[in-house]
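Below is one structure; the comments refer to it alone.
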Amino acid sequence: MSTVVCTALLCAATQVYAAYPDKTIRMIIPLAAGSAVDNAARVLAERMSANMGVSIILENEPGASGQIGASQVARAAPDGYTIGGFNDSIMTMLPNVRSHLPWDILKDFEPVSLVATVEWGLVASRESPYQSAADVIKAAKASPGKINYGSGGIGSPQHIAMALFSADAGISLRHVPYKGATQAAVAVAGNEVSLAFQGLATVTALVNTEKVRLIGVTTPSRMPQYPNVPTISESGLKGFQFNSWFTIVAPAGTPKNIIDRLNAEVVKALKDPKVIERYAHFGLTPRGSTAQELGAETRSQLARYHKLIHDAGIAVN
């Protein structure tokens, strides 16, 4: 191929990418509507849409602990018009509890940006007798395997959090997996299950309307929004902490200048005072990062969770 033809093709490609975006962008959320990631994604997409001048449409594709929606992102054309809103369960937990996934988190996706961290809490049904994590531990030791808890599925953050809690406390609880975090939260409100660890963004409305009881938070110290709720650490499990994060990724092979544009728009949106305010309401802390920082954090946490999950004996391959 001649140099002239090559140059012409390169220029044409550059012009196409420079025009990005010029049509609707799909953001696939591999989790149920109303989940922490879904709430964070909707706020972010609304601001990014306004800033970029194109619509960003969210599509919830829950199931199999995020495998289904993530597969759709992995198979999508790498043109910047299909992106994923993933939590760290999909990125760093699921690969450690499932030996056979239809995608490789490090090979089939391009990191765009860390968006936010999600603070977590332990919620109990209003009909349960539990007022603190200490109550749960005492009751579980008296009746091993009798207390049930809900999660968003095997390998979900809710499952991992409770498994780690159980391992640290030396107790046995009965796991009831649901299709997503929202369904698990509703199950607690409906007294189908007694307990669940949840991202506070998922259960804020249920807590505020007293449909579930927030009995502990997984932060190092008490949260200003819930000053009367003790930390799990001060309720008997010293040093216990847990949170999760929400990220934006794209299919592998997405051009760098498109990744850079998406990254810049995410970071810009996260600086908007209204976004910051709404995230605080949901128990979310805005972050933002470079694509390279997200890639490094993913690799680091993959290794960290490999050890934690292995040591706790909670792999579910």
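Run the paramagnetic zone check for N228: 7 angstrom along Cα to Cβ, then residues of the range 123-140 with backbone nitrogen under 14 Å.
131-132
So for the range 76-229, Kirkwood radius off the Cα pairs, Stokes-Einstein at 37 °C and 0.692 mPa s: how many µm² s⁻¹?
The diffusion coefficient I find is 197 µm²/s.
Identify the residues of the range 131-156 with backbone N under 19 Å of a label point that sits 7 angstrom from the Cα of S172 along the Cα-to-Cβ direction, or state none.
Answer for the range 131-156: 136-150.
What is the percent of Cα-Cα separations in the range 128-174 that go past 11 Å?
Here the long-distance tail beyond 11 Å is 66 percent of all Cα pairs in the range 128-174.
Heavy atoms of the protein only, probe of 1.4 Å, neighbouring chains included. What is the accessible area of E119 in Å², nearest 10?
In the full protein context, E119 sits at about 30 Å².
Computing the accessible area with a 1.4 Å probe over protein heavy atoms, can you report the carbon and sulfur percentage for the chain?
Looking at the chain in its full context, I get 53 percent from C and S.
What is the log10 of I(q)/I(0) for the range 207-246, computed with the Debye formula using one identical point scatterer on each Cα and no solvent, at q = 0.23 Å⁻¹?
Here the Debye-derived log intensity ratios amount to -0.78.
Can you put E265, E61 in order of accessible area, largest first, using a 1.4 Å probe?
The residues order as E61, E265, largest area first.
If you take the beta carbon distance between K238 and H100 as r and set R0 to 25 Å, what does 1/(1 + (r/R0)^6) give as a FRET efficiency, to the nearest 0.05?
It comes to 0.10.
To the nearest 10 square angstrom, how much accessible area does D104 have with a 1.4 angstrom probe?
The accessible area comes out at roughly 60 Å².
Looking only at A269, A187, A303, which one moves most when the chain is put into a Gaussian network model with springs between Cα atoms under 10 Å?
Looking only at A269, A187, A303, the biggest GNM fluctuation is shown by A303.
Cβ neighbours within 10 Å, averaged per peptide: list 241-248, 139-146 in order, most packed at the top.
241-248, 139-146
Using a 1.4 angstrom probe and counting only protein chains, how large is the accessible area of L114 in Å², to 10?
Around 30 Å² of this residue is reachable by solvent.
Could you grab the relative contact order for the chain? Cα pairs under 8 Å, six or more apart, rounded to a whole percent.
About 27 percent, as a whole number.
State, to one decimal in nm, how far the label point of K179 lies from the label point of N191, with both points 7 Å from Cα in the Cβ direction.
Label at K179, label at N191, 2.5 nm between them.
Helix-only estimate, please: 222 nm mean residue ellipticity of the chain, summing -39500 (n - 2.57) across DSSP H runs of length 4 or more and dividing by its residues, to the nearest 500.
So the calculated ellipticity at 222 nm is -13000 deg cm²/dmol.
Can you pick out the pairs among K179/K307; K146/K307; K179/K268; K179/K271 whose Cα atoms lie more than 30 Å from each other?
K179/K268; K179/K271
What's the Cα-based Rg to Rh of the chain, Rh via Kirkwood?
1.02
The values are calculated or read from the model by the stated rules, or taken from the named source; none is laboratory data. Every value quoted in this text rests on a predicted model; they were computed, and no experiment measured them. Neighbour counts run over all protein chains shown; Cβ positions are idealised from the backbone, glycine included. Each accessible area value is taken on the protein alone, full model and side chains, heavy atoms only, with ligands, DNA and RNA left out. Shrake-Rupley method; radii C 1.70, N 1.55, O 1.52, S 1.80 Å.
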